[in-house]
1. Is it fair to say TRP65 is open to solvent by 40 Å² or more (accessible area, probe 1.4 Å), in contact with a helix residue (DSSP H, G or I) (Cβ under 6 Å, 6 or more places away or on another chain) and farther than 30 Å from VAL110 by Cα?
2. So which of SER133, SER114 ends up being surrounded by 10 or more Cβ atoms within 10 Å (Cβ to Cβ), over 15 Å from SER58 (Cα atoms), out of contact with any helix residue (DSSP H, G or I) (no Cβ under 8 Å at 6 or more places or on another chain) and without any contact (Cβ under 8 Å) to a residue 12 or more places away in the chain?
3. Only one residue in SER17, SER6, SER58 is within 30 Å of THR102 (Cα to Cα) and out of contact with any Cys (no Cβ under 8 Å at 6 or more places or on another chain). Which one?
4. Taking the condition in contact (Cβ under 8 Å) with a residue 40 or more places away in the chain and either open to solvent by less than 80 Å² (accessible area, probe 1.4 Å) or closer than 30 Å to LEU130 by Cβ (or both), does THR15 pass?
5. How many of the residues making up region 68-102 are in contact with a Phe, Trp or Tyr (Cβ under 8 Å, 6 or more places away or on another chain) and either open to solvent by 40 Å² or more (accessible area, probe 1.4 Å) or among the aromatic types (Phe, Trp, Tyr) (or both)?
6. Can you confirm whether region 24-40 contains a residue that is touching a Gly at 6+ places or on another chain (Cβ under 9 Å), surrounded by 18 or more Cβ atoms within 10 Å (Cβ to Cβ) and of a type outside the set (Phe, Trp, Tyr)?
7. Tell me the helices (runs of 4 or more DSSP H) entirely within region 50-129 that contain at least 2 residues that are within 19 Å of the chain's Cα centre (by Cα), over 27 Å from LEU25 (Cβ atoms) and at pLDDT 90 or above.
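The values are calculated or read from the model by the stated rules, or taken from the named source; none is laboratory data. Since the model is a prediction, treat every value here as computed from it, not as a measurement. Neighbour counts run over all protein chains shown; Cβ positions are idealised from the backbone, glycine included. Just the protein is used for accessible areas: all its heavy atoms, side chains included, with ligands, DNA and RNA removed. Shrake-Rupley method; radii C 1.70, N 1.55, O 1.52, S 1.80 Å.
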Amino acid sequence: MKQALSIFVIILAGTHSSFLLQGYLDTSEILYGAMTIMALMISAIFLWLWGMRMSPLSLGMAFSWAGSAMVMGWWWLSAQLGRPAWMSENEILLLVMGLMMTGAVLHFEVLETSFGYRRGAFLAPVAGALALSTLLLALVR
């Protein structure tokens, strides 16, 4: 716990220093780029762990991190290209979000077996999240 908090404090200090020196835009683009690259590496490691049969959760983690990397990469690339109109409502972004959704569903499936629930119970939190998101969208429109 101490190590995690220490890393968090160091990252916050570095981020704040970058913000003071370069401003929000440059700092955010550096962070999005770094996170995109690290997320791809983490995804590859989890895919390797799954291939070695070291953890049942590894495939879900690989999908989640790959999806996160691609979404962050999309936003990062969009910023680098000056936010072109063709990227603002492109279905490709929705498709890569499907990787994150797949990872999340796989996580809930592993949790279902870990908690000893019946087959299919993992779909309840997935359906609940989709329903809540739909409700919130309806309320703001």
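1. no
2. Details: SER114 fails: over 15 Å from SER58 (Cα atoms).
Answer to the selection: SER133.
3. SER58
4. Numbers: in contact (Cβ under 8 Å) with a residue 40 or more places away in the chain: no; either open to solvent by less than 80 Å² (accessible area, probe 1.4 Å) or closer than 30 Å to LEU130 by Cβ (or both): yes.
For THR15, the condition - in contact (Cβ under 8 Å) with a residue 40 or more places away in the chain and either open to solvent by less than 80 Å² (accessible area, probe 1.4 Å) or closer than 30 Å to LEU130 by Cβ (or both) - is not met.
5. Total satisfying the criteria: 6.
6. Within region 24-40, one or more residues are touching a Gly at 6+ places or on another chain (Cβ under 9 Å), surrounded by 18 or more Cβ atoms within 10 Å (Cβ to Cβ) and of a type outside the set (Phe, Trp, Tyr).
7. Values: elements: 58-80, 85-88, 91-115.
So the answer is 58-80, 91-115.
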